[in-house]
Amino acid sequence: MSELRFPENFVWGASTAAYQIEGAARDDGRGPSIWDTFSRTPGNVFAGHTGDVACDHYHRYAEDVALMAELGLEAYRFSVSWPRIRPDGTGPVNPRGLDFYDRLTDALLERGIDPIVTLYHWDLPQALQDRGGWTNRDTAAHLADYAVAVHARLGDRIHTWTTLNEPWCSAYLGYGNGVHAPGERDAGAAFAAVHHLLLGHGLAARALRAAGAETIGITLNPAEVQPADPASAADAAAVRLVDGLHNRIFLDPLTGAGYPQDVLEHVSRLVEPTFLRDGDEKMIAASIELLGVNYYAPTYVTGRPDGSGDSAYPGTEGAVEFLPPAGPTTEMGWMIEAAGLTRLLERIGRDYPGLPLMITENGGAFPDNARVEEPDGGGRVMDHDRIAYLDGHLRAAHEAIARGIDLRGYLVWSLLDNFEWAEGYRKRFGIVHVDYLTQRRTPKSSARWYQEVISRNGL
């Protein structure tokens, strides 16, 4: 393949999330989160795995930052653990929790790595869930208060703030089909959660801006929805419905257009949207300077009156059939189609112009092909499938840039093998191998490949 170079100021980095890597679940005043409760409940997570220890990043962050510097990362996106900062969600700030992120931020800056903060990556304090979680409107205001508390400590050094990670997952997987914490299964609760997450974003964004935050964004996992038959009117209707529930329900209000009318009509057929109040859409439309895009796989649908639908998309039963992946997949069973990333970025650029984009997550779960031990006690972990996946998606991202899309950077998911939510530790996304028994870190062949990509700013 021909050599490709990315724009001069393109940002290269990696992403992680607090509950997936930090461990130290009971250390230094941290309170329980919904993922502590969910993962400790038998039957929710593979083999009873929890994030109690995870990658022990809380104690090993210096080693991990040194690895980032060795790989040449220019940016590191991490999330702050809400229950570390406010153990009960609303009460006094826990200074020991903030101390950890203070140390982490300084360590990154000392190595020339730009910290990018995500304030909420799914680990809601259990105390707030006991009061309704994201079905309770008050949680939105509590998110804003928490955001201000974090900014008060770190705002002098951190310039890029994202409020939420993948609110689609928080709402639909947490409250719709129950495969994620808190494990509820109720369409009305899912739609209330969607709205209160967006309202929380709006309140937090305004509070951060008033406190002097420079760049404020949000990270979504927009779906690249395709019809089984492009000539089919039924398939087009299925695409429209799924796109509305996954993409437009978030992107339209975030960019000032309010909720799409067809989506509101669909919601109203299932539940009465009493959670939506006058002025809410104006609050959600807090301007964002950056949209984070998490992309893993496309979604193919067909319109069928006997379609089984998907409980993660309330109301699609009897209207939509979600097609199984065709061709190669990752270990998660997700279809590999890099061209879908180009199409998705172009679609966002076309329908929501003027919004700078950053790929904040992209990667795949693959088996490590082999481990080769070295005489010095080190080793190499080979993961050629991951290299092929990343190479293809970076070429797709470059194609989007060539077509005029304002794409500012790429953050691989993930820096480390980690706790993969309901899958526990059996799926590995990291470019760095973690031995969960010894906590030994070993850069995989994909890490060395990515190091070269960064060094030459291209492929």
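Computed from the coordinates by the stated procedures, all read-outs in this text should not be read as laboratory data. Bear in mind that the values here come from a model prediction, so they are computed numbers and not experimental data. Don't worry about glycine lacking a Cβ; one is built from the backbone with ideal geometry, like all the others, and counts go over all protein chains shown.
The calculated FRET efficiency for GLU331 paired with ASP102, based on their beta-carbon distance and R0 = 25 Å, is about 0.10. For the chain, the 222 nm mean residue ellipticity estimated from helices alone, with every DSSP H stretch of n ≥ 4 adding -39500 (n - 2.57) and the total spread over all residues, rounds to -11000 deg cm²/dmol. If R0 is 22 Å, the Cβ-Cβ spacing of ASN457 and LEU109 corresponds to a FRET efficiency of close to 0.50. Computed from the coordinates I sent, semi-axes √(5λ) of the Cα gyration tensor in Å equals one of (i) 80, 29, 18; (ii) 31, 27, 22; (iii) 36, 28, 21. Tell me the label. Calculated semi-axes √(5λ) of the Cα gyration tensor in Å: the matching label is (ii). Would you please give the residues with an amide H less than 5 Å from that of VAL301, counting only those at least 5 places away or on a separate chain, with H modeled from the backbone geometry? Sorted by chain and number, the residues that satisfy this are GLN226, ALA228, LEU323. Simple spin-label estimate for ARG206 and ARG26 gives 4.1 nm between the two label positions (7 Å along the Cα-to-Cβ direction from each Cα). Computed packing ranks the peptides 107-118, 165-176, 414-425 as 165-176, 414-425, 107-118, most packed first, by mean other Cβ atoms within 10 Å. Length gained on full extension, VAL148 to LEU323: 58.7 nm, using 0.36 nm per residue less the C-alpha separation.
Here the 3J(HN,Hα) profile of the stretch 354-369, calculated from phi with Karplus coefficients 6.51, -1.76 and 1.60 at θ = phi - 60°, is x, 9, x, 10, 9, 6, 9, 8, 6, x, x, 8, 9, x, 6, 5 Hz, Gly and Pro shown as x. Remark on ASP114: its backbone amide H falls under 5 Å from those of ALA75, TYR76, a criterion applied only to residues 5 or more positions apart or on other chains, H modelled at 1.01 Å from N.
Stretched out straight at 0.36 nm per residue, the stretch from GLU214 to ARG403 would grow longer than its current Cα-Cα span by 65.2 nm. A simple packing score, the average count of other Cβ atoms within 10 Å per residue, orders the peptides 48-58, 307-317, 121-131, 344-354 as 121-131, 48-58, 307-317, 344-354, with the highest score first.
Extension gain for SER287 to PHE46 (0.36 nm times residue separation, less C-alpha to C-alpha distance): 82.8 nm.
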